[in-house]
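Any read-out appearing in this document is the output of simple, stated calculations on the displayed coordinates, not a laboratory observation. This structure is a prediction, so every number in the text was calculated from the model and none was measured. Here the Cβ positions follow ideal geometry from the backbone for every residue, glycine too, while neighbour counts run over all protein chains shown.
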Amino acid sequence: MSQVTLEIKNPEESDTISFAEKLATNLRPGDLVVLSGELGAGKTFLTRALAHSMGLERDERVTSPTYTLVHELDTNPLIVHADLYRLTDPDEVYELGLEHQRDEGKLLIVEWGRPFVEELGGQAIFVDLRVDPRSICVSGECPRAQELVSELLARHQVKIA
């Protein structure tokens, strides 16, 4: 199966928030979104915008779970936000029980999760945030990722610069 891709070039902060709002309307319980990008690329910012778009109170803070590894956010559906930056062993990922949480219908947003897609249950939607040049790229080979990118393009007319 070939990979499908949607790229938004040179997004401003407001474009990232708008993209998160559109993405939020297309995500489903049990989806796995893997965020990649160098430090400071905006992974946690995008997660915050997604969470607020999915019902998290505006005054609720969303921070990177770098040291706690996992935060649960009170959204609809519930978001489990994980940061696997410090993990090196797939067994450490299994011990977190993230795949089980997906099975329970929670939306899994994972920073630095690309090496552990299998341990997270597969079928990943990849969102890569780049700094230079600034861009957001959504891709994936699985049917769910292809469907999501097609929905973003068709239903929401996501601007591709």
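So for the range 8-132, averaging the separation of alpha carbon pairs under 8 Å that are six or more residues apart and normalising by length, what relative contact order in percent results?
Working: 207 pairs, mean separation 45.5, N = 125.
For the range 8-132, the relative contact order is 36 percent.
The residue among Val117, Gly97, Ser135 whose Cα reaches farthest toward the positive pole of the charge dipole of the chain, with charges on the beta-carbon of Lys, Arg, Asp and Glu, is Ser135.
Taking only the Cα atoms of the chain, the radius of gyration and Dmax are 14.5, 42 Å. Between Thr5 and Cys137, the simple label model (points 7 Å from Cα in the Cβ direction) yields a spacing of 0.5 nm.
In a fully extended conformation the segment linking Asp89 and Glu104 would gain 3.0 nm over its present Cα-Cα distance, using 0.36 nm per residue.
Of all DSSP beta bridges confined to the range 4-155, the antiparallel ones make up roughly 55%.
Simple spin-label estimate for Ser14 and Asp59 gives 2.7 nm between the two label positions (7 Å along the Cα-to-Cβ direction from each Cα). When the helices of the chain are scored as -39500 (n - 2.57) per DSSP H run of n ≥ 4 and the total is divided over every residue, the value at 222 nm lands at -9500 deg cm²/dmol.
Using C-alpha pairs below 8 Å separated by at least 6 residues, the relative contact order for the range 63-161 is 18 percent.
Rank-order 54-67, 71-84, 17-30, 91-104 by packing density, defined as the average count of other C-beta atoms within 10 Å over each peptide's residues, highest first. Spell out each step's value before the answer.
Details: 54-67: 13.4, 71-84: 19.9, 17-30: 17.4, 91-104: 15.6.
Highest-to-lowest ranking by the protection proxy: 71-84, 17-30, 91-104, 54-67.
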